[in-house]
Amino acid sequence: MSKKNTEKKLFFRSESFDIDEFGNFSGELTYELHGVISSGTVVNAFVEFKRKGKICLISEITRCFLSESNNVLTVYSSGTIDGDALPDSYKLHYRFFRKIDSVLAKPDLPGNMGSALLSTSPKSFFGRPKWNCFGGNKIKSILVHNSDGQFLISSNVELGKNWDVINLVARYNDDDYNTYVQEDCQSPYLCLKENYVEGSEVLVCEFIFFEAEKWLELPLINNLEVQRG
């Protein structure tokens, strides 16, 4: 498949901006992401608002995982603005995270209600842990607790030298993705705590590692319309 066909692009879908009598501003922007591959992608995005060319508000960063079946990005913004600073334009800033590697793990399962088992990585023929992957990222252990017929899963992860730009997405038994977004972390060690999965004879855990690409931006949108409440 050509690069052109796999290129990820955001397409504008809708916008809504409101302000009440107390100057409380709120906004919502939605975009569709085209070109999502089967493993999905992590997206960071924020909105920069301007008034007469000067920045008057910057939204918090929205962090989400998008897939082929759920490709809509929604970015929210809020703040207190007086009449002289009401925005008249905005610009979306965003970055994608590319998949760099993944791990499939089948931890041991506790048989009795209320019991738990801790699993560590099996070794390959050459003695290398099978739960290690590119960039020094590792699944160190997986704790499975049998909670009344459900599995309560906690996974301990060690990230490599680029840990500050890595995002990790986990999926259990082909269920919906459970996203853990790594941002402004203080350590390359993290724990994905208390993910519930229906009981089964086999538990398959998929961990997908994504690395941040450069920040991009869409063109400045002028003539922003704000509804007054």
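Just so you know, all these numbers are worked out from the coordinates, no wet-lab data involved. The model shown is predicted, which means the values in this text are computed figures rather than measured ones. So basically every Cβ, Gly included, is an ideal-geometry build from the backbone, and we count neighbours across all protein chains shown.
What longest range of the chain stays clear of loop-exposed trypsin sites (Lys or Arg not before Pro) (DSSP non-H/G/I/E/B, at most 11 other C-beta within 10 angstrom)? Don't skip to the end; give the middle numbers.
Numbers: sites that count: Lys52, Lys161, Lys214.
Maximal segment without exposed cleavage sites: 53-160.
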Open item on the list: Looking at the chain, I'd like the Rg to Rh ratio, where Rg is from alpha-carbon atoms and Rh is Kirkwood's inverse mean 1/r.
Closed with: 1.07
- [ ] Take the Cβ-Cβ distance between Ser69 and Phe22 as r, set R0 to 35 Å, and report the resulting FRET efficiency rounded to the nearest 0.05.
- [x] 0.30
Task: Virtual spin-label span in nm between Ile37 and Phe126, 7 Å along Cα→Cβ - done: 2.3 nm
Task: Cα-based equivalent ellipsoid, region 100-211: semi-axes from gyration tensor eigenvalues, Å - done: 24, 16, 12
Open item on the list: Run the paramagnetic zone check for Ile100: 7 angstrom along Cα to Cβ, then residues of region 143-165 with backbone nitrogen under 11 Å.
Closed with: 159-165
Open item on the list: With a cap of 12 neighbouring Cβ atoms within 10 Å, and only residues DSSP puts in a loop, list the chymotrypsin sites (Phe, Trp or Tyr not before Pro) found in region 104-165.
Closed with: Phe125, Phe126
Open item on the list: Counting other C-beta atoms within 10 Å, and keeping those with at most 15, which DSSP coil chymotrypsin sites (Phe, Trp or Tyr not before Pro) do you find in region 1-69?
Closed with: Phe22
Open item on the list: Once you place label points 7 Å from the Cα toward the Cβ at Asp82 and Glu217, how far apart are they in nm?
Closed with: 2.7 nm
Open item on the list: Apply the a/c threshold of 1.5 to the C-alpha gyration tensor of region 34-113 and tell me whether it is rounded, prolate or oblate.
Closed with: prolate
TODO: Filter the GluC sites (Glu not before Pro) in region 7-73 down to the DSSP loop ones having no more than 12 other Cβ atoms within 10 Å, then list what survives.
DONE: Glu7, Glu21, Glu60, Glu68
